[in-house]
Every structure is written in C-alpha cells, then in structure tokens.
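Encoded as structure tokens, the structure appears first; notes follow it.
The values are calculated or read from the model by the stated rules, or taken from the named source; none is laboratory data. Just so you know, these numbers come straight off a predicted model, no measurement behind them. Cβ placement follows ideal geometry from the backbone for every residue including glycine, while neighbour counts extend to all protein chains displayed. Heads up: the accessible areas ignore ligands, DNA and RNA and are worked out on the full protein's heavy atoms, side chains in. Shrake-Rupley method; radii C 1.70, N 1.55, O 1.52, S 1.80 Å.
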Amino acid sequence: MPGGDLPNADFASWLTTLAHDYPFLPSGLLWRYARNYGTRIQALVGNARSLAALGENLGDDIYAAELDYLFRYEWARTADDVLWRRSRMGLHVSDATRQAINAWFANRARPVAVTAAVYSINEGKYTPSRQ
C-alpha cells in the first residue's frame, strides 16, 4: 500500500520518530495521520511547524492541509470521499464538519473548460496549475 514502507515495519518506533519530527501535532492527530497516510505523512504536513500552518480546522481535527492532500493525491472531491470512501471518519464527525468539508471542496472546484484550456495551451502536456 502507498505509504506502507515503514522503517523496519515497526509502527511504534516510527510513531515515536514522528512525534519528535512533528511535536506540534497532538498525539491523537499524529496517530491518525500515521495510520491513514503512513510515510506519506510528509506530503500531507509538508513544512508546517504549527497547527496553524496546516490551515483551517474545519472541525473534528480535520485541517485544510489534509483535504488538500486528499484532493491532489487521492482524487477526493466531496466530503463523502474523505469521510466514507477514504476512511470511516464519517462515523466520528459532526454535521457541521461535514458541511464545512463540502464547502471547502465547492470553493476548490474548477470548471472543466479551464482545465481543458490549460491543457491545450501547454501543447497537449498537462501541467497542474498552482492556483
């Protein structure tokens, strides 16, 4: 599985290392990120050195950085993609969080025509924009 390449296949030891690398992450959030994303946690957290650097907390410890990761790497496009398809977090989040996640994705959506225009301008080579 992607992200499953743990050093020595030792989750407990690796989690201790992550706690040292990301001391600002509360233990429960660190554990969830480690379990759900494995070694891809670095792609999710990036250069963040505080919870504020993970962006908006949409509720129930779901931060914008996590949604951005899921949007970019796992094709999540709705709250259901995040809360049910990718995980079972839907069992543990409030309706307000679910609505905030849907609003986040609605604000992130781009029209297909824009994507097609970017594609054709770049001579048939897709180059993701940083918008």
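Determine if the range 94-108 includes at least one residue that is surrounded by 10 or more Cβ atoms within 10 Å (Cβ to Cβ), at pLDDT 50 or above, outside any helix (DSSP H, G or I) and hydrophobic (A, V, I, L, M, F, W, C).
No, there is no match, as no residue in the range 94-108 is surrounded by 10 or more Cβ atoms within 10 Å (Cβ to Cβ), at pLDDT 50 or above, outside any helix (DSSP H, G or I) and hydrophobic (A, V, I, L, M, F, W, C).
State all residues of the range 46-71 that are more than 17 Å from Ala103 (Cα to Cα), open to solvent by 10 Å² or more (accessible area, probe 1.4 Å) and part of a helix (DSSP H, G or I); if no residue qualifies, say none.
Ala52, Ala53
Looking at Arg77, is it touching a residue at least 12 places away in the same chain (Cβ under 8 Å) and outside any helix (DSSP H, G or I)?
Values: touching a residue at least 12 places away in the same chain (Cβ under 8 Å): yes; outside any helix (DSSP H, G or I): yes.
So Arg77 passes the test.
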